[in-house]
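Heads up: the structure comes next, in structure tokens.
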Amino acid sequence: MKRPVTAALAVVGYLIMIVPIVFVVATAFTAGSTLRFPPDGFSLRWFGEAFAYEPFVEATISSVQLAVLAAALALLIGVPATLAIHRGRIPGKGLVEGLFLSPLIVPELVVGLALFQQLMVGLDLDNFTALLVGHTALMLPYAVRVTGASLALADPALEEAARGLGASPLRAFVNVTLPVLRPGIFSAGLLSVVTSFNNVPLSLLLQGRDFRTLPVTMLDYVQQSYDPMVAAASTLILAATVVIAVIAERTVGFAKIFGGISR
Amino acid sequence: MTAAAELIGVTQRFGSFTAVDAVDLAVPPGKLTTLLGPSGCGKTTTLRMIAGYSAPTSGTIRIDGIDSTRTPPEKRNLGMVFQSYALFPHMTVADNVGYGLKLRKVPAAERRARVMETLELVGLAHLAGRKPKKLSGGQQQRVALARAIAIRPRLLLLDEPLSNLDARLRVQMRTEIRRIQAETELTVILVTHDQDEALEMSDEMVIMNEGRIVQQGAPQQVFPRPADRFVAEFLGYENFLTAADGTPLTIRPEHLRLAEQAPGLPATVADVAFRGVDLLVSLDVVDPSGATVRLLADVRGGTAPAPGSSVTVVTPDDHLVRLPR
């Protein structure tokens, strides 16, 4: 490390982020019946309870459904939109791209409230539809960014080479451009799923009786009872998130995904 | 004899910039023609119009005598090697080379045979199963060549194919491309900014400047007789002087001779640089028009003249090139 101050700050930063997580994970394995650190003994009891608790199981299924559908929709809209922005001849490209990236900037509570007013109150849609619209909008920046980054890195001569060898524009796109973009699209999808699955603000504002996501269900649970089952559920979510993040990192790399945003 | 490719009054404008300006060009079949010029002279734009990647603003492009001005690239059956090679990263070497054949619906067995035959031509049959990323720059270049050749194109177009290779490999590949051209008897159009490359490789060289063709011919014709000052400078003529009647003249440094006395031009030695095989002597010469000009003489053998000393410079008539005023 050349710069000791930077290094020290980084260590402090990581500690602030990681220590609370360590406490949660540790308490999840307690044998006792309260959320307390240090845990009373070791057991997998609360993991069993979490799996048996029907609201959690139902909410998990709902959350996964929502996340996968929203991510798929975001890619279906975002990928062609990015191609049009980068390759097409459309006026006001910058404006269009800004529009697609705006969910990153607009506070989620504002988006949530707007969707609540317009879709659920105004159009009387069910909360699942509202959640799907909200989550899809939230995922769009990922789809646009990652596709854009992959496209910027791809050699424009690739498609020309395919054309020269006899491929129609569509064929060249399907045979060459799409495979080159595939790892980026795949990892954008994974990240979208994770982001959607873990989202609280939107899901909180758009909650309903029929369709509840896992984070909201867990929040409700914590308000009533304070036992280690929530810690166990959190630990499971954490583990799944880490696995997905590692896959995304291995396929594309976060630097490429987020590189565009910081610039 | 029909030209393999023919450009008639071809102009390409990008906004207010004219990249290619009313170019007329006939590319002889079965030969290697180079488009030579500095960056921005319009050579790559010309090649891209022949390939069909950009349509000319005006003019006609004929390929094998057929008007192809608006034909999309996939219908031209031309082989193109890009400066970046543009190999498909997700396909193996064999799949890259076979891609054009697959599109032409060549049966699998025949396709494999032709892929291997083409890879053998470029000396890469043993790497057929590799991905492009695992190859060196020189190998990638050969794959790009093989991919372009495999479709048996009407023209082979090479856009600065050697510029990304290191110096030694670049010189090797010149001979290699010549050999492949001779074996396949393809008509090749090669774009380059390197005059040595063009001189060594061309049957026909086309020198471009500011969107126009300034000189065209076999290297043996062009090199000793540059058409104007631009071509002369580009080909390494470093000495420019003026005749008594005002005609601009040029002569290569290696053709200037130093003598003890007249006949010749009186000169003062300004500087002497030792370069191993030769000496580069800078001279302040009084030319026939009476003006003092700085000339360079490339001297082999003999003793080095001392800076400041007076010498006589001989400009042999058969090496003195008259340029247009």
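Helices from chain A with mean Kyte-Doolittle at least 0.5 and a Cα length along the axis of 20 Å or more, per DSSP H: which? The partial results should precede the final answer.
Working: long enough: A:4-28 (35 Å, 2.32); A:54-87 (49 Å, 1.34); A:127-153 (39 Å, 1.16); A:178-197 (27 Å, 1.40); A:229-251 (34 Å, 1.80).
The answer, listed by residue number, is A:4-28, A:54-87, A:127-153, A:178-197, A:229-251.
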message: Keeping all protein chains in the complex and leaving out DNA, RNA and ligands, what accessible area do you get for B:K31 with a 1.4 Å probe, in Å² to the nearest 10?
response: 90 Å²
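State, in square angstrom and to the nearest 100, the accessible area buried between chains B and A, both chains counted, probe radius 1.4 Å.
1600 Å²
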- prompt: Within chain B, what percent of beta bridges assigned by DSSP are antiparallel, to the nearest 5?
  reply: 75 percent
Choice from B:Q261, B:Q216, B:Q141 showing the highest fluctuation, given a GNM over chain B with Cα pairs closer than 10 Å: B:Q261
statement: Here the percent of antiparallel bridges among DSSP beta bridges lying wholly in the protein assembly as shown, to the nearest 5, is 75 percent
statement: Here the convex hull volume per residue of chain A, taken over Cα atoms and given in Å³, is 178 Å³
message: Please report the spacing between the Cα centers of segment A:141-155 and segment B:184-227 in Å, no decimals.
response: 41 Å
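Find the Cα radius of gyration of segment B:171-242, compare it with 2.2 N^0.38 Å by division, and give the number to two decimals.
On the way: Rg = 13.5 Å, N = 72, 2.2 N^0.38 = 11.2 Å.
Compared with the compact-globule rule of thumb, segment B:171-242 sits at 1.21.
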- line: segment B:254-284 and segment A:178-201 have their Cα centres apart by a whole-number Å value of 71 Å
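Got a number for carbon plus sulfur as a percent of the protein assembly as shown's accessible area, 1.4 Å probe?
60 percent
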- line: Per residue of B:102-115, other chain Cβ atoms within 10 Å number on average 1
message: Placing +1 on the Cβ of each Lys and Arg and -1 on the Cβ of each Asp and Glu in segment B:213-325, which of B:S310, B:P226, B:L320 has its Cα farthest towards the positive end of the resulting dipole?
response: B:P226
query: Restricting attention to segment A:189-252, which trypsin sites (Lys or Arg not before Pro) occupy a DSSP loop and are surrounded by at most 10 other Cβ atoms within 10 Å?
result: A:R209
- line: In this structure, the FRET efficiency calculated for A:V242 and B:K133 from their beta-carbon separation, with R0 = 30 Å, to the nearest 0.05, is 0.55
- request: Taking the convex hull of the Cα atoms, report for the protein assembly as shown its projected area averaged over all directions, in nm².
  value: 41.1 nm²
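Could you tell me the convex hull volume per residue, in Å³, taken over the Cα atoms of segment B:139-195?
So the per-residue Cα hull volume is 81 Å³.
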query: Roughly how many Å is it from the Cα centre of segment A:68-93 to that of segment B:133-164, as a whole number?
result: 33 Å
message: Modelling each spin label as a point 7 Å along the Cα-to-Cβ direction, I'd like the B:V171/B:D228 distance in nm, to one decimal.
response: 3.4 nm
- prompt: Hey, could you pull the Cα Rg and Dmax for chain B, both in Å?
  reply: 23.9, 77
field: segment B:241-322, dipole about Cα centre (Lys/Arg Cβ +1, Asp/Glu Cβ -1), debye to the nearest 20
entry: 140 debye
- request: For the protein assembly as shown, build the charge dipole from Cβ charges (+1 Lys, Arg; -1 Asp, Glu) around the Cα centre, then report which of B:G137, B:L249, B:M201 sits farthest towards its positive end.
  value: B:G137
statement: Simple SL model, points at 7 angstrom along Cα→Cβ for B:D95 and A:V110; separation in nm is 4.7 nm
- prompt: In segment A:11-104, what trypsin sites (Lys or Arg not before Pro) fall in a loop by DSSP, with at most 16 other Cβ atoms inside 10 Å?
  reply: A:R36, A:R89
- request: Towards the positive end of the charge dipole of chain A, with charges on Cβ (+1 Lys, Arg; -1 Asp, Glu), say which of A:P20, A:A81, A:G112 has the farthest Cα.
  value: A:A81
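The values are calculated or read from the model by the stated rules, or taken from the named source; none is laboratory data. Nothing here was measured: the structure is a model prediction, and the numbers come from that model. Neighbour counts are summed over all protein chains in view; Cβ atoms, including those assigned to glycine, are modelled from backbone coordinates with ideal geometry. Just so you know, the surface numbers come from the protein's heavy atoms only, side chains and all, with ligands and any DNA or RNA stripped out. Shrake-Rupley method; radii C 1.70, N 1.55, O 1.52, S 1.80 Å.
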